[in-house]
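See structure below.
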Amino acid sequence: MNPKWWKESIVYQIYPISFMDSNGDGVGDLRGIISKLDYLQDLGVDVIWVCPIYKSPNHDNGYDISDYCDIMKEFGTMDDFDRLLQDMHSRGMKLMMDLVLNHTSHQHAWFVESRSSKDNPKRDFYIWRKGKNGGPPNNWESYFSGSVWEHDPHTDEYYLHLYSKYQPDLNWENPVVIDKLHEMVQWWLKKGVDGFRFDAIAHIVKTEGYPDAHNPHGTPTVRAYDMFSNLEDVHTLLQNLHDKVLYFYDIMTVGETSGLGPEQALDYVGDGRRELNMTFQFEHMFLDAASAGSGKWDVVPWNLIDLKKIITNWQVVLHNRGWNANYLCNHDQPRSVSRFGNDLFYRIPSAKMLATFTHMLEGTPYIYQGEEIGMTNVAFESIDNYRDVETLNYYEEKRRNGVPEEQIMAAIHKKSRDNARTPMQWNDDDEGGFTTGDPWLKVNSNYMEINAAYAVKDPDSIYHYYKNLIALRKKHKVIVYGEYELLLPEDTEIYVYTRTLEDQRVLVILNFFEREPIIELPQGMLTNPGELLISNYEPQKEEDLGRLKLRPYEARVYLQRLI
Ligand code: GLC
Ligand code: CA
């Protein structure tokens with residue numbers, strides 16, 4: 001089972017701009033994080049993943065870095081950072097940085113030089129090409145709408161940006177760029193950080209020659225993610241980074257790798273690959289997308305059978321060969337309870353059920369800020385209340401194409417990244433206790449009901465349930481390392497799986513919907529179910545466990561001894 005600390009850890013993700021504001025300017029900051037370390041320590045998390053805090057003009061909330069070795073002024077100073085790291089370490093907590101190596105900000109000194117002239121020594125730090133037939137060099141579409149190419153009148157060439165035009169892609173074919181990046185990663189490691197989440201790492205290599213992508217409808221741009229995702233050379237570059245830099249430190253690494261299945265993921269995380277510890281997979285994030293080609297905005301209901309197939313495949317393929325990162329939410333996704341649970345009538349039981357699901361799988365569980373108190377999606381009426389560059393670009397593009405406002409806003413309410421970015425709800429003070437000023441993004445109006453202060457006080461809260469789940473994982477090795485097996489694969493409402501390690505078996509029963517289905521398990525499994533480790537309901541009188549009626553969103557976990 002190859003034990004490692006990062007397999008036994010629980011990660012809590014902080015989106016700093018929305019976590020806690022310490023000085024009333026409406027923007028979360030490092031001192032805000034420091035002031036909440038007690039809260040996080042009580043919850044029991046071991047690792048904190050902090051989204052980018054580097055110097056940035058903030059077109060994409062820090063994912064556009066203008067200086068890798070400085071702190072965003074809104075977030076504080078390097079002294080604040082050093083104190084955060086020290087305070088965490090003295091509590092036995094680890095800090096994972098979020099590092100963007102695919103691109104920088106257009107305000108990074110490298111890019112400023114690069115665009116200044118065609119013969120500048122830094123020209124090749126980025127990807128510049130001449131236009132074609134009076135337009136961009138090819139038809140690839142950006143993740144944030146429109147072409148991946150931006151024309152720069154100064155030298156009459158185009159630069160490539162897979163994300164917004166304020167995020168020019170670095171040229172990883174240039175060895176000088178690679179050296180500079182390695183040096184910078186090393187610099188952070190020497191400071192003592194405990195790991196990295198590598199942003200958009202699957203995209204650092206693009207198809208050679210930048211050919212046009214197949215475009216049956218002849219649209220100006222076309223989604224061509226295969227042209228720049230998970231290409232073979234990404235692995236060479238990661239192995240190089242590993243062998244030259246990462247290998248020398250006892251750290252944790254996770255890559256953001258959309259567009260792959262578990263077999264391909266093994267190329268990143270397989271034992272012996274010398275690349276990453278784990279990757280974030282995206283297959284389950286597309287369960288509610290109408291079709292592969294439609295992108296994320298075109299939303300359809302998801303179904304449990306598909307979720308089971310995807311998760312089971314990842315669990316089975318990676319067992320003993322790699323390691324999973326399990327999550328249902330992050331700063332780019334809708335709130336998990338709104339998306340996979342029921343935030344209207346069953347917010348509390350369904351949030352607990354979903355937490356049971358991710359924490360009982362094999363792999364490292366990731367909690368996104370606010371998930372532990374069941375924070376929900378938000379639905380601002382006007383586009384003026386949204387801040388996310390992806391959302392705003394989408395809105396603009398759809399308006400231009402004449403799509404009715406109502407239809408666009410409905411998609412935004414479901415899928416905007418701002419759903420997860422509304423400020424953390426700490427208490428029932430103004431602005432949810434996040435700030436004494438005007439928050440950069442409006443607080444969800446439900447903070448009077450949903451907030452951390454209430455959750456900490458109430459022993460039945462989602463927060464305490466998370467705490468219990470975390471404690472269980474610390475106590476039982478089988479929850480960390482046990483082999484996963486799916487039961488009842490065809491059941492459309494109940495998700496049941498077991499985890500087995502030596503003579504111990506954990507049985508996880510999850511009712512994913514509000515109906516009250518009856519569950520029947522193979523002989524013996526429920527007649528003597530073992531110790532009930534955790535459940536989101538009071539135990540029922542269990543006279544006949546061969547057949548069990550589940551309550552809405554009920555979750556139960558049993559520990560069984562195999563003889
Ligand atoms: C990743 C980040 C996202 C960001 C993008 C560009 O997908 O998670 O927030 O916008 O990369 O850096
Ligand atoms: Ca602040």
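Taking the residues in segment 372-394 that are in contact (Cβ under 8 Å) with a residue 60 or more places away in the chain and part of a helix (DSSP H, G or I) as candidates, determine which candidate is farthest from ligand 2 (Cβ to nearest atom).
Out of the qualifying residues, it is 394.
Take the residues in segment 208-238 that are β-branched (Val, Ile, Thr) and within 26 Å of the chain's Cα centre (by Cα); name whichever of them is surrounded by the most Cβ atoms within 10 Å (Cβ to Cβ). Full working, then the answer.
Taking segment 208-238 and keeping what is β-branched (Val, Ile, Thr), we get 219, 221-222, 234, 236.
Remaining after also requiring within 26 Å of the chain's Cα centre (by Cα): 222, 234, 236.
Details: 222: 18, 234: 22, 236: 12.
For segment 208-238, the residue satisfying everything is 234.
Would you confirm whether or not segment 461-484 contains a residue that is under 22 Å from residue 12 (Cβ atoms), at pLDDT 95 or above and part of a loop (DSSP other than H, G, I, E, B)?
yes
With the condition kept exactly as written, say whether any residue in segment 497-511 is of a type in the set (Lys, Arg), open to solvent by less than 20 Å² (accessible area, probe 1.4 Å) and modelled with pLDDT of 90 or more.
So in segment 497-511, the residues of a type in the set (Lys, Arg) come out as 499, 505.
Cutting the leftovers down to open to solvent by less than 20 Å² (accessible area, probe 1.4 Å) gives us 499.
The next check asks that each one be modelled with pLDDT of 90 or more; those that pass are 499.
The answer is yes; a qualifying residue exists.
For segment 1-57: of the residues being within 16 Å of ligand 1 (Cβ to nearest atom) and in a loop (DSSP other than H, G, I, E, B), which is most open to solvent (accessible area, probe 1.4 Å)?
Among those residues, the one meeting the criterion is 57.
Does segment 298-314 contain any residue that is within 26 Å of residue 97 (Cα to Cα) and either assigned by TED's automatic domain parsing to the domain that holds residue 186 or in contact with a helix residue (DSSP H, G or I) (Cβ under 8 Å, 6 or more places away or on another chain) (or both)? First the steps, then the outcome.
In the first step, residues of segment 298-314 are kept if they are within 26 Å of residue 97 (Cα to Cα); the result is 314.
Still in the list and also either assigned by TED's automatic domain parsing to the domain that holds residue 186 or in contact with a helix residue (DSSP H, G or I) (Cβ under 8 Å, 6 or more places away or on another chain) (or both): 314.
So far as segment 298-314 goes, yes, one or more of its residues are within 26 Å of residue 97 (Cα to Cα) and either assigned by TED's automatic domain parsing to the domain that holds residue 186 or in contact with a helix residue (DSSP H, G or I) (Cβ under 8 Å, 6 or more places away or on another chain) (or both).
Can you tell me which residue within segment 444-460, out of those that are open to solvent by less than 40 Å² (accessible area, probe 1.4 Å) and part of a loop (DSSP other than H, G, I, E, B), is farthest from residue 552 (Cα to Cα)?
So the residue we want is 444.
Please determine whether any residue of segment 412-430 is in the same structural domain as residue 376 (by TED's automatic domain parsing), more than 22 Å from the chain's Cα centre (by Cα) and open to solvent by less than 10 Å² (accessible area, probe 1.4 Å). Steps first, answer last, please.
Our first condition is that a residue be in the same structural domain as residue 376 (by TED's automatic domain parsing); within segment 412-430, this holds for 412-430.
Imposing the further condition that a residue be more than 22 Å from the chain's Cα centre (by Cα) reduces the set to 427-430.
Now restrict to residues that are open to solvent by less than 10 Å² (accessible area, probe 1.4 Å): none.
For segment 412-430, residues in the same structural domain as residue 376 (by TED's automatic domain parsing), more than 22 Å from the chain's Cα centre (by Cα) and open to solvent by less than 10 Å² (accessible area, probe 1.4 Å): absent.
Select from segment 196-205 the residues that are aliphatic (A, V, I, L, M) and crowded, with 22+ Cβ neighbours inside 10 Å and write down the one among them that is farthest from the chain's Cα centre (by Cα).
Here is the first cut: in segment 196-205, the ones aliphatic (A, V, I, L, M) are 200-202, 204-205.
Next, only the ones that are crowded, with 22+ Cβ neighbours inside 10 Å stay: 200-202, 204.
Numbers: 200: 11, 201: 13, 202: 14, 204: 19 Å.
For segment 196-205, the residue satisfying everything is 204.
Every residue, every condition in (1) open to solvent by less than 60 Å² (accessible area, probe 1.4 Å); (2) more than 14 Å from ligand 1 (Cβ to nearest atom); (3) part of a loop (DSSP other than H, G, I, E, B); (4) aromatic (Phe, Trp, Tyr), yes or no:
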residue	(1), (2), (3), (4)
60	yes, no, yes, no
84	yes, yes, no, no
97	yes, no, no, no
117	yes, yes, yes, no
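Show me the helices (runs of 4 or more DSSP H) found entirely inside segment 201-319 where at least 3 residues are touching a Gly at 6+ places or on another chain (Cβ under 7 Å).
Numbers: elements: 232-244, 262-269, 304-318.
It comes to 262-269.
What number of residues within segment 377-388 are within 16 Å of ligand 1 (Cβ to nearest atom) and open to solvent by 20 Å² or more (accessible area, probe 1.4 Å)?
Taking segment 377-388 as the starting set, the residues that turn out to be within 16 Å of ligand 1 (Cβ to nearest atom) are 386-388.
This time we only want the ones that are open to solvent by 20 Å² or more (accessible area, probe 1.4 Å), so: 387.
Counting residues in segment 377-388 that are within 16 Å of ligand 1 (Cβ to nearest atom) and open to solvent by 20 Å² or more (accessible area, probe 1.4 Å) gives 1.
Quick one: is residue 417 more than 16 Å from ligand 2 (Cβ to nearest atom) and at pLDDT 95 or above?
yes
Considering (1) more than 20 Å from the chain's Cα centre (by Cα); (2) more than 18 Å from residue 146 (Cα to Cα); (3) in a loop (DSSP other than H, G, I, E, B), say which one residue 193 fails and leave the rest.
Here residue 193 clears every test but (1).
A quick yes/no check of all residues on (1) open to solvent by 10 Å² or more (accessible area, probe 1.4 Å); (2) part of a helix (DSSP H, G or I); (3) touching a residue at least 40 places away in the same chain (Cβ under 8 Å); (4) not small (Gly, Ala, Ser):
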| residue | (1), (2), (3), (4) |
| --- | --- |
| 330 | yes, no, yes, yes |
| 337 | no, yes, no, yes |
| 344 | yes, no, no, yes |
| 351 | no, yes, yes, no |
| 357 | no, yes, yes, yes |
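Tell me, please, whether a residue that is over 23 Å from residue 399 (Cβ atoms), more than 16 Å from ligand 1 (Cβ to nearest atom), of a type outside the set (Ser, Thr, Tyr) and in contact with a Gly (Cβ under 9 Å, 6 or more places away or on another chain) can be found in segment 149-165.
The answer is yes; a qualifying residue exists.
With (1) outside any helix (DSSP H, G or I); (2) buried (at least 18 other Cβ atoms within 10 Å of the Cβ) as the list, and residue 178 as the residue in question, which single condition is left unmet?
(1)
Suppose the filter is outside the structural domain of residue 369 (by TED's automatic domain parsing), modelled with pLDDT under 95 and under 18 Å from residue 360 (Cα atoms); does residue 531 pass it? Working first, answer last.
On the way: outside the structural domain of residue 369 (by TED's automatic domain parsing): yes; modelled with pLDDT under 95: yes; under 18 Å from residue 360 (Cα atoms): yes.
The answer is yes for residue 531.
If only one of 152, 169 is surrounded by fewer than 20 Cβ atoms within 10 Å (Cβ to Cβ) and either closer than 15 Å to residue 114 by Cα or assigned by TED's automatic domain parsing to the domain that holds residue 67 (or both), which one is it? Even if it seems obvious, please write down each step before you answer.
On the way: 169 fails: surrounded by fewer than 20 Cβ atoms within 10 Å (Cβ to Cβ).
Sole residue among the options that is surrounded by fewer than 20 Cβ atoms within 10 Å (Cβ to Cβ) and either closer than 15 Å to residue 114 by Cα or assigned by TED's automatic domain parsing to the domain that holds residue 67 (or both): 152.
With the condition kept exactly as written, say whether any residue in segment 45-58 is more than 29 Å from residue 234 (Cα to Cα), more than 16 Å from ligand 2 (Cβ to nearest atom) and of a type outside the set (Ser, Thr, Tyr).
Filtering segment 45-58 down to residues more than 29 Å from residue 234 (Cα to Cα) leaves 45-46.
Applying the additional criterion that residues be more than 16 Å from ligand 2 (Cβ to nearest atom) yields 45-46.
Now drop any that are not of a type outside the set (Ser, Thr, Tyr), which leaves 45-46.
Within segment 45-58, one or more residues are more than 29 Å from residue 234 (Cα to Cα), more than 16 Å from ligand 2 (Cβ to nearest atom) and of a type outside the set (Ser, Thr, Tyr).
Identify, from the list 531, 449, the residue that is over 28 Å from residue 289 (Cα atoms) and free of Cβ contacts under 8 Å to residues at least 12 places away in the same chain.
449
The values are calculated or read from the model by the stated rules, or taken from the named source; none is laboratory data. Everything numeric in this text was worked out from a predicted model, so none of it was measured. All Cβ positions, even for glycine, are placed from backbone atoms using ideal geometry, and neighbour counts span all protein chains on display. Accessible surface areas use protein heavy atoms only, side chains included; no ligands, DNA or RNA. Shrake-Rupley method; radii C 1.70, N 1.55, O 1.52, S 1.80 Å.
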